[in-house]
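Read the structure below first, then the notes.
No lab work stands behind these numbers, since they all come straight from the coordinates. All values derive from a computational prediction rather than experimental measurement. We place every Cβ from the backbone using ideal geometry, glycine too, and count neighbours over all the protein chains shown.
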Amino acid sequence: MKLTKILLSEKEIPTHFLNINYYLNKYLGELPKPPLHPVTRKPIGQEDLSALFPDELIKQENSLEKKIKIPEEIRELYKLYRPSPLIRARRLEKHLKTPARIYYKYEGVSPAGSHKMNTALVQAYYNKKAGVKLLTTETGAGQWGTALSMACKFFGLDCLVYMVRISFEQKPYRKTIMRLFNGKVISSPSNTTEIGKKFIKEDPNTSGSLGMAITEAIEVAVRDEKSKYALGSVLNHVLLHQTVIGQEVQKQIAKVNDYPDIIIGCCGGGSNFSGIAFPFLIDKIKNKQKGPRFIGVEPVSCATMCKGEYRYDFGDTGKMTPLLKMETLGHDFVPPADHSGGLRYHGIAPQLAFLHQKKMIEARCYSQLEIFEAARIFAHTEGLVIAPESAHAVKAVIDEGVKCKKQNKKKTIVFNLSGHGHLDLKGYEDFLDGKLK
Ligand SMILES: *Cc1c(COP(=O)(O)O)cnc(C)c1O
């Protein structure tokens, strides 16, 4: 029988997170540059981060261990939605008339609707163990705030979410979900922080940005010993947690005796793409084999890897984070207010920037009209309403599928479908009404 949904049993949920830094160090003899203290410009130590994160997460951030055990309590919670399905997109293949085999890893099955749950649970768990009472964070479209609110509820933590103003206004239903899980949601910039007041004074009509929301969340976190901060992407430990995605794909694709030639994911901070790519990239580094190619996809209006500079920059607008070596559009970058495609962060994960610079991964970018058109094709063929973020990956998949048709090549294309788009209907509405620029 021809399989369409390739499923795993709960026993096959990964037992460890895979640490790409171990392999980069061992096989390339080189690591991404470490974060620097903004004043001394020396590599930051454990102490510098302990106001923000619990010790275990700082340890993971700096770890050179090959793999890190996933606590059983987390594996139990993963059973709510993991292993997620790997699905052969047969109707999309047919529509494209491509000889390529296209598979997607569907992370939209998580209760929070995206891959963000994979790290939210781990971060809430270690904060709870460290005696933390409140987690603060930022959210753009609301996916991360939703996942963290839910995880905090599971572990009995309070959750305070600074939501980028434009999304706060345009995506009211995400707010409702966060509130249902007892998350407190504040439109950012706000009057609840000193830096927020400053941002508002500088530009009362600002649409806000992830960079501003991060600064506000950090300001609140460092005020009190019992409160800490959680980030949904970019940092090593977050990318590490997402490697459960790629590890499952490895088992699933083996079940149908296939192997990817191309792996594709959309990139905001870079966590879902890294999650699917790193386990395969580790094998490629280890075995010095040829394939697969790895393609990260960004919006034209926030094309960090495609157009950013590789240099040290702040992770936030208010310059409270350590300096991170990334590809960046500048910490004061504010994405255009009419941009509906998500993926609005000014930087990219230092690990991904490093790999891009080394030409071990590729990057490309598409306009929002192109990605919504791709999302429409995906809905018409596979029946799913996907997150606009994920639609960036779909657009690249379609382009690669068409290329395979022209060249008559039977490549295997695997991509990460990072989340559903059930709460992104404003963007779809504007697209259908021809209002998207
Ligand atoms: C947050 C989010 C992204 C972008 O973040 P990454 O860290 O780059 O993965 C992509 N897709 C969805 C559905 C998201 O919620």
What relative contact order, as a whole-number percentage, does the chain give when Cα pairs under 8 Å and 6 or more residues apart are counted?
20
Counting Lys and Arg as +1 and Asp and Glu as -1, each charge on the Cβ, what is the dipole of region 216-361 about the Cα centre in debye, to the nearest 20?
720
Give me the aspartates and glutamates in straight-line cross-link reach of Lys437: C-alpha distance below 16 Å, same-chain residues under 8 apart excluded.
Asp338, Glu370, Glu373, Glu429
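For region 252-330, which trypsin sites (Lys or Arg not before Pro) pass both filters: DSSP loop (anything but H, G, I, E, B) and at most 16 other C-beta atoms within 10 Å?
Loop-located and lightly packed - Lys288, Lys290, Lys319.
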Footprinting exposure proxy for Glu73, Glu429, Glu61 (fewest neighbouring C-beta atoms within 10 Å first)
Glu429, Glu73, Glu61
Note: probe point = Cα of Lys79 + 7 Å toward Cβ; backbone nitrogen < 14 Å; residues of region 1-28 passing the test are 9-14
So for the pair Arg311, Lys42, with labels modelled 7 Å out along Cα→Cβ, what separation do we get in nm?
2.5
With springs only between Cα atoms under 10 Å, which of Thr137, Thr192, Thr243 fluctuates most in a Gaussian network model of the chain?
Thr192
Beyond a 22 Å Cα-Cα separation, which of these cross-linked pairs lie in this structure: Lys94/Lys435; Lys128/Lys175; Lys26/Lys69; Lys11/Lys286?
Lys94/Lys435; Lys128/Lys175; Lys11/Lys286
Which one of Pro260, Pro204, Pro34 has the biggest mean-square fluctuation once the chain is modelled by GNM with Cα springs under 10 Å?
Pro204
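Given axes a ≥ b ≥ c from the Cα gyration tensor, I'd like to know whether region 343-409 is rounded (a/c under 1.5), prolate (a/b larger than b/c) or oblate.
Oblate, since a/c reaches 1.5 and b/c is not below a/b.
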Can you put Ser233, Ser271, Ser190 in order, fewest other beta carbons within 10 Å first?
Ser190, Ser233, Ser271
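Under the rule a/c < 1.5 gives rounded, and otherwise a/b versus b/c splits prolate from oblate, where does region 104-163 land using the Cα gyration tensor?
Working: a/c = 2.60, a/b = 1.51, b/c = 1.72.
Oblate shape, in that a/c is at least 1.5 and b/c is the bigger or equal ratio.
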Region 242-263-region 396-414 distance, computed between alpha-carbon centres (Å):
18
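Can you bin region 62-188 into rounded, prolate or oblate? Criterion: square roots of the alpha carbon gyration tensor eigenvalues sorted a ≥ b ≥ c, rounded for a/c under 1.5, prolate for a/b above b/c, oblate for the rest. Walk me through the numbers before you get to the answer.
On the way: a/c = 2.43, a/b = 1.35, b/c = 1.80.
Oblate shape, in that a/c is at least 1.5 and b/c is the bigger or equal ratio.
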Would you mind ranking Val132, Val300 so that the residue whose beta carbon has the fewest other beta carbons within 10 Å leads the list?
Val300, Val132
Could you tell me which of His420, Cys302, Ala363 has its Cα farthest along the dipole of region 285-437 towards the positive end, charges placed at Cβ (Lys, Arg +1; Asp, Glu -1), taken about the Cα centre?
Ala363
Select from Arg82, Arg174, Arg223 the residue whose mean-square fluctuation is largest in a Gaussian network model of the chain (Cα-Cα springs shorter than 10 Å).
Arg223
Taking every Cα atom in the chain, find the radius of gyration and the maximum pairwise distance Dmax, and write them in Å.
20.2, 64
